[in-house]
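K.L.:
Got a structure here, written out as structure tokens. Questions coming.
Taken together, the values in this text are just the output of simple stated rules run on the coordinates, not laboratory data. The shown structure was predicted, so the numbers you read here are calculated from the model rather than taken from an experiment. Cβ placement follows ideal geometry from the backbone for every residue including glycine, while neighbour counts extend to all protein chains displayed.
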């Protein structure tokens, strides 16, 4: 994501996280709105970071990510993502994420992340 302009991230609580990014020209599609692929990558990165932090920084990988594109954004817009961890097991993290622009939901997603057990 650093090559796409970076993402600012913060913990809100043990189970809630927030991230944001500013839309620039290379995030746009031919119609002049933010490309759905960029929004998917932004959610994957932001929600993945939330999953990672929610399990004491254990490495996590995306198993599934179900996205709903609801609205649009354009160049210069600030996109704010909000992640809520719904459930954690010993091996999985279940979460919900919304992207908002100008206080309107533009994308929502639910996902599952696998907690990796790395042997030293």
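K.L.:
Taking Cα pairs under 8 Å and at least six residues apart, what relative contact order does the chain come out at, in percent? Before the final figure, lay out the partial values.
P.N.:
Working: 250 pairs, mean separation 32.9, N = 120.
Taking the mean separation of contacting Cα pairs over the length of the chain, I get 27 percent.
K.L.:
Which of [x] 14.2, 49; [y] 26.1, 99; [z] 15.9, 54 is the computed Rg and Dmax of the Cα atoms in Å for the structure on display?
P.N.:
[x]
K.L.:
Counting each DSSP H run of 4 or more residues in the chain as -39500 (n - 2.57), what helix-only mean residue ellipticity at 222 nm follows after dividing by all residues, to the nearest 500 deg cm²/dmol?
P.N.:
Result for the chain, helices only: -5500 deg cm²/dmol.
K.L.:
Each label point is 7 Å from the Cα along the Cα-to-Cβ direction; what then is the distance between the points at residue 118 and residue 103, in nm?
P.N.:
Once both label points are built, they end up 4.2 nm from each other.
K.L.:
Take the alpha carbon atoms of the stretch 70-103, find their center, do the same for the stretch 32-65, and report the distance between the two centers in whole angstrom.
P.N.:
9
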